[in-house]
Amino acid sequence: MKINGISYLGKSGLALAENEGWGESWSNYTNESTWQVLETLYAVAKEAEKTPAQAAINWLLNQPAVTSPIIGARTMEQLEANLGASGWSLTKEQIVRLNKASDLYVTYHLMRML
């Protein structure tokens with residue numbers, strides 16, 4: 001693939017986006033909070049005998065503010081795997097663990113806006 005005269009053959013969409021400045025860099029998110037969410041998600045998925053994506057989508061389905069998760073599958077296999085997020089439920093304890101792991105830290109200046 002060539003964009004603006006630059007060849008991106010073999011590069012991932014993420015690498016392309018970061019190279020072109022189209023999106024945010026993973027380095028913005030590689031912090032203790034992100035790793036805690038991922039560790040908790042992988043542990044819950046293993047307990048539920050589901051994939052991390054299925055556990056994450058199921059967790060979203062249990063969030064009152066979420067009306068419809070967008071799964072963004074690119075292949076039929078991804079779609080079928082993601083559809084495996086329905087028809088079962090995380091336990092209340094697993095939902096609480098994921099909620100706690102994903103709680104955002106609110107800084108002082110944001111608190112004043114609330």
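The values are calculated or read from the model by the stated rules, or taken from the named source; none is laboratory data. Quick caveat: nothing in here was measured; it's all calculated off a predicted structure. In this analysis, Cβ positions are derived from the backbone assuming ideal geometry, glycine residues included, and neighbour counts consider all displayed protein chains.
Some values worked out for this structure:
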{"item": "Failed item in (1) free of Cβ contacts under 8 Å to residues at least 60 places away in the same chain; (2) among the hydrophobic types (A, V, I, L, M, F, W, C); (3) surrounded by 10 or more Cβ atoms within 10 Å (Cβ to Cβ), with Leu41 passing the rest", "result": "(1)"}
{"item": "Residue pairs meeting the criteria (Cβ under 9 Å; at least 6 apart or on separate chains; first assigned by TED's automatic domain parsing to the domain that holds Val96 and over 12 Å from Ala85 (Cα atoms), in the range 53-74; second modelled with pLDDT of 95 or more and of a type in the set (Val, Ile, Thr))", "result": "Gln63/Ile95"}
{"item": "Cross-chain or 6+ apart pairs with Cβ under 7 Å, the range 22-37 first and farther than 21 Å from Leu98 by Cβ, then surrounded by 12 or more Cβ atoms within 10 Å (Cβ to Cβ) and modelled with pLDDT under 75", "result": "Gly23/Ala17; Ser25/Glu18"}
{"item": "Among the candidates Trp59, Trp26, Trp22, residue that is modelled with pLDDT of 85 or more and among the aromatic types (Phe, Trp, Tyr)", "result": "Trp59"}
{"item": "Whichever residue in the range 57-85 is among the polar types (S, T, N, Q) and in contact with a helix residue (DSSP H, G or I) (Cβ under 7 Å, 6 or more places away or on another chain) and, among such residues, is surrounded by the most Cβ atoms within 10 Å (Cβ to Cβ)", "result": "Asn82"}
{"item": "Residues of the range 66-81 that turn out to be under 25 Å from Asn99 (Cβ atoms), aliphatic (A, V, I, L, M) and not in a helix (DSSP H, G or I), as a count", "result": "3"}
